[in-house]
Amino acid sequence: MSGLEVKSFDSPDEVRPFEGHGQTEIVNIAGHMVGKGTFEPGWKWSENVKPIAGTDSCQTVHLGYVVSGRMRVQMDDGSEAECGPGEVAAIAPGHDAEVVGDEPCVFVDFGEISEYAKR
């Protein structure tokens, strides 16, 4: 390996469509998976990914950057937060999430996404 690797979400290694309202594009780089999720207005994890995951709440660790749009995250313990453009979020397993407003939310995820929305 040369020590330098560049990839683009314009040519992802994998595309994982949700059950409506968006998709996640995955690139494998330097042994890590990085995802760019596009969550369209109306997207909610419990409606659009839960049927794929087969769990009551999202069990993925997310560590990401919000490029555009807004997302509200509700943890299983009842706590919640909203994140938007220019913000970084660390989200533990055990949550639901939904797009807020009429703009798609674009989230670049450096977390443990190997199984996220994977069929």
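The values are calculated or read from the model by the stated rules, or taken from the named source; none is laboratory data. On a predicted model such as this, the values are computed, not experimentally measured, just so you know. With ideal geometry, Cβ positions are generated from the backbone for all residues, glycine too; neighbour counts draw on all protein chains shown. Each accessible area value is taken on the protein alone, full model and side chains, heavy atoms only, with ligands, DNA and RNA left out. Shrake-Rupley method; radii C 1.70, N 1.55, O 1.52, S 1.80 Å.
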Here the residues within the range 63-76 that are under 12 Å from the mean Cα position of the chain (by Cα) and open to solvent by less than 20 Å² (accessible area, probe 1.4 Å) are GLY64, VAL66, MET71, VAL73
Find all pairs meeting these conditions: Cβ atoms under 7 angstrom apart; at least six residues apart or on different chains; first residue within the range 8-29 and under 14 Å from ILE113 (Cα atoms) and at pLDDT 95 or above; second residue assigned to a strand (DSSP E or B) and of a type in the set (A, V, I, L, M, F, W, C).
-> ASP13/ILE26; ASP13/VAL27; GLU14/ILE26; ARG16/ILE26; GLN23/VAL15; GLU25/VAL15; ILE26/MET33; VAL27/VAL34
Among the residues of the range 98-109, write down those that are surrounded by fewer than 19 Cβ atoms within 10 Å (Cβ to Cβ), over 17 Å from ARG16 (Cα atoms) and touching a residue at least 60 places away in the same chain (Cβ under 8 Å).
-> GLY101, ASP102, GLU103
Before we move on, is MET33 touching a residue at least 24 places away in the same chain (Cβ under 8 Å) and within 14 Å of GLU115 (Cα to Cα)?
-> yes
Applying the selection to the range 1-14, what residues are open to solvent by 70 Å² or more (accessible area, probe 1.4 Å) and in contact with a strand residue (DSSP E or B) (Cβ under 7 Å, 6 or more places away or on another chain)?
-> GLU5, LYS7, ASP13
Can THR38 be described as open to solvent by less than 70 Å² (accessible area, probe 1.4 Å) and part of a loop (DSSP other than H, G, I, E, B)?
-> no
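A quick yes/no check of all residues on (1) open to solvent by 50 Å² or more (accessible area, probe 1.4 Å); (2) part of a loop (DSSP other than H, G, I, E, B):
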| residue | (1), (2) |
| --- | --- |
| SER46 | no, no |
| PRO51 | yes, no |
| GLY78 | yes, yes |
| PRO85 | yes, yes |
| ASP96 | no, no |
